[in-house]
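Below is one structure; the comments refer to it alone.
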Amino acid sequence: MPSKPAGNSNQQTSSTTQVQLPDWINSAAQGIVGASQQYAQNLPQYQVAPITQGGQQDIQALQNNVGSTNAAYQQAQTGTQQQANYNPQQVTPGFLSGTDLSPYMNPYTQSVINATMPLIDQQRQLANNQSADLAAKTGAFGGSRQGVQEAVNNAQSGLYAGQLGAQLNQANFGQAQAAAQADLNRSLTAQQSNQAAGLQGAGLNLAANQQIGNLASQGQNAFLAGAQGGMAGQTQLQQQQQAVSNSPWQDALQRMQLQEQAIGSVPYGQTQTSTGTGPGPTSNPWLTGLGGAASLASIAGTVAPLLSDRTMKTDIDKIGKDEETDLPLYAYRYKTDPKTYPKIVGIMAQDAQKKYPEQVVEVGGKLAVRSNFLSGIMERANGNP
């Protein structure tokens, strides 16, 4: 886009200006283009490093491990369900009142009684005989006194026999009761012990089932941790092989990119024809001022810098500021332009360097502004927002 001139002229002109760059720049640019083409043609084919053998083995091990703990989990689940339905042994106490004591009675008690009764009767008869002898000696045989004495002997003998039998039977019954009660107590204790043992066994079984599940989980986690470590190592090895495989390709690509960046920073000539009022376009040897910035930006991209050093300009007048960058705008001519040429509106690289140093570079000892930054200022300066 042509620059807005600083003055007015009523002369309609049409001219063609060709900018010639030094031979060393043309030679360097041609060499850079040729080298870039050569690198592009000989760029090695990109290779993808395959999965390492160890990585394939790790993947296969992971695949083989799928479902390996199912049997252990199933065993733990089945065992746990069985224990969930466990019913402990019921304890049923016995009562003495409903216990048959006959098995507990001493079988020898009656024998003792049977053997003792004849002896008691013999003692009774002996006592009666003694009473009879005494009565005979005293001449009272068959008298009332003898009868009374025999009755007393008989009564005492019967009482003694009854008491002895009762004592023996009572002792036998008490012994039977004690033995039966002891068996009832032992039965109750045995039932309680069996119940406790059953509950303890059920708890042990439940703990064992839980341990089976925990061991299966721990084993699975340990395997996965080892497999992940192995996979990480194999991945690192694969990345290293990929880097080795890509090194020629990356080297060639970087060389080509360096060549492209170099050619993007080299200005080159162009032929420009313009028609307008005034003596015609400028003949700036580094392009036609701000007016040539758009052409260079469209051809060289937005990276190539454009020379805008203040030392290259003359007849400088400050006319305002750029509304976005707040940089001063000037009307000027290049020192190589005739005085009859109209002034160009633009900025000074020195001003841009102070406020936007990242947009300014040095080219051949002169300051240049990057074209993508300069083109926006140029368009606004020429009335195209």
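The values are calculated or read from the model by the stated rules, or taken from the named source; none is laboratory data. Being a predicted model, the structure only gives us computed values, none of them experimental. Backbone-built Cβ (ideal geometry, glycine too); neighbour counts: all protein chains shown.
A few points about this structure:
- Any chance A178 is in the same structural domain as N85 (by TED's automatic domain parsing) and touching a helix residue (DSSP H, G or I) at 6+ places or on another chain (Cβ under 9 Å): yes
- None of G142, G147, G158 is modelled with pLDDT under 75, loosely packed, with under 14 Cβ neighbours inside 10 Å and in a helix (DSSP H, G or I) except G147.
- Qualifying residue in the stretch 81-102 (condition: hydroxyl-bearing (S, T, Y), farther than 30 Å from S157 by Cα and surrounded by 11 or more Cβ atoms within 10 Å (Cβ to Cβ)): yes
- Any pair with Cβ under 8 angstrom, 6 or more apart, that starts in the stretch 58-72 at a residue that is surrounded by 13 or more Cβ atoms within 10 Å (Cβ to Cβ) and ends at one that is β-branched (V, I, T): I59/I51; A72/I212
- Here K318 fits the description: in the same structural domain as I377 (by TED's automatic domain parsing), exposed (fewer than 14 other Cβ atoms within 10 Å of the Cβ) and over 15 Å from N382 (Cβ atoms).
- Scanning the stretch 320-358 for residues that are of a type in the set (D, E) and under 60 Å from the mean Cα position of the chain (by Cα) yields D322, E323, E324, D326, D351, E358.
- Exactly one residue out of N128, N209 is surrounded by 14 or more Cβ atoms within 10 Å (Cβ to Cβ), touching a Ser or Thr at 6+ places or on another chain (Cβ under 7 Å) and not aromatic (F, W, Y), and it is N209.
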